[in-house]
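Notes for the one structure printed next.
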Amino acid sequence: MEVMMVFLVRKRLASALLVLVLSLWLVVPGAAAETKTLAKDTKLYPQGWSVGDRVEFKKGTALTTNEVGEVVSGTLKENTFLQPRGWERVINDYYYVTAYTDNSLFFPRYHRIFPDRSYNIAIPGYGHLLYKGGSLVTFGPDGEVLSGTLADTATVRLVAGKYGFVTFKENTVLSFYDSGAVKSGVLDADTSLRPAGWQQNHAASEEAGFVKFSAKKAIVFNETGEVTAGTLKETLKWRTAAGETAEFPAHTAVRFDGQGAVAEPAGEG
């Protein structure tokens, strides 16, 4: 009987100790995500990178890191080549840059020594885009850029596996869905695209559901590459949510969905 009692006491003590350890583990967190202001220009590791290349972030700007100290978002010190989430769709094959002996060009896999004068050289892109120094970039969990400001124009395949490319303007923000599809940007040129709901809402014509959107204006896509918001280049006839065909004037900011189209209030386009 005494042996049994000792066994039960020890079992209860072990259970109590386990509960205490679990409680402490839940109450006392490990390293947490952090947002701070950089006191100086600092080279750090973006989140999700498998090779330890650092990126330099600008002093006096906010920086967000994950639980292990990798950068989730920050402001770049200078123009930097990075891979966006949809890098497989990027078709800018080369970037032309000036190289000198007394400065270095940040670009993965390129380490060259140049003669004692400047050269204009073409650098293969390998799916990278040039992001603007002094602007915010946000990295996804895999280390690719979800959102950032372009230092140069970028041409991207709009729908995977289908022909069709869109060029986005420099000095504007380009963002991607987690799937790699383009989410939003600013058009570099007038571009004919299909809006969301085009199959059932476009007016019958030889345009086959394509609508021309204005250059230098913001545009938003769904994950299938259809426009959900953009500014019209020309007058458009389209069905509304009420089931009527309406005429939208040129230069109007319009939202599209499966139900139809609606003009944005002035100032929101």
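The values are calculated or read from the model by the stated rules, or taken from the named source; none is laboratory data. Every value quoted in this text rests on a predicted model; they were computed, and no experiment measured them. Ideal geometry is used to build each Cβ from the backbone, glycine not excepted, and the neighbour counts take in all protein chains shown. Surface accessibility is based on the protein's heavy atoms, side chains included, excluding ligands, DNA and RNA. Shrake-Rupley method; radii C 1.70, N 1.55, O 1.52, S 1.80 Å.
Lysine pairs in the range 121-269 whose alpha-carbon atoms fall under 15 angstrom of each other, counting only those eight or more residues apart or on distinct chains, come to 9. Estimated from the Cβ-Cβ distance and a Förster radius of 41 angstrom, the FRET efficiency linking K162 and T64 is about 0.70.
Legend: calculated FRET efficiency, A189 to A246, from the Cβ-Cβ distance at R0 = 25 Å, rounded to 0.05, equals 0.40. Summed over the residues of the range 154-223 and divided among them, the accessible surface reaches 47 Å² per residue at a probe radius of 1.4 Å. Given R₀ = 35 Å, what would the calculated FRET efficiency be for A203 paired with Y96, taking r from the Cβ atoms and rounding to 0.05? E between A203 and Y96, to the nearest 0.05, is 0.20. For the range 167-173, the Karplus equation 6.51 cos²θ - 1.76 cosθ + 1.60, evaluated at θ = phi - 60°, returns couplings of 9, 10, 6, 5, 6, 9, 7 Hz by residue, with Gly and Pro reported as x.
Here's the list of aspartates and glutamates a cross-link from K40 could span, going by alpha-carbon distance under 16 Å and ignoring same-chain residues fewer than 8 apart: E56, E78. Straight-line cross-link partners of K36 among the lysines, defined as a Cα under 20 Å from its Cα and at least 8 positions apart when in the same chain: K58, K59, K77. Identify the residues of the range 57-79 with backbone N under 13 Å of a label point that sits 7 angstrom from the Cα of A39 along the Cα-to-Cβ direction, or state none. The answer is 60, whose backbone nitrogens lie closer than 13 Å to the label point. Packing-based ranking of 123-129, 146-152 yields 146-152, 123-129, ordered from highest to lowest mean Cβ neighbour count within 10 Å.
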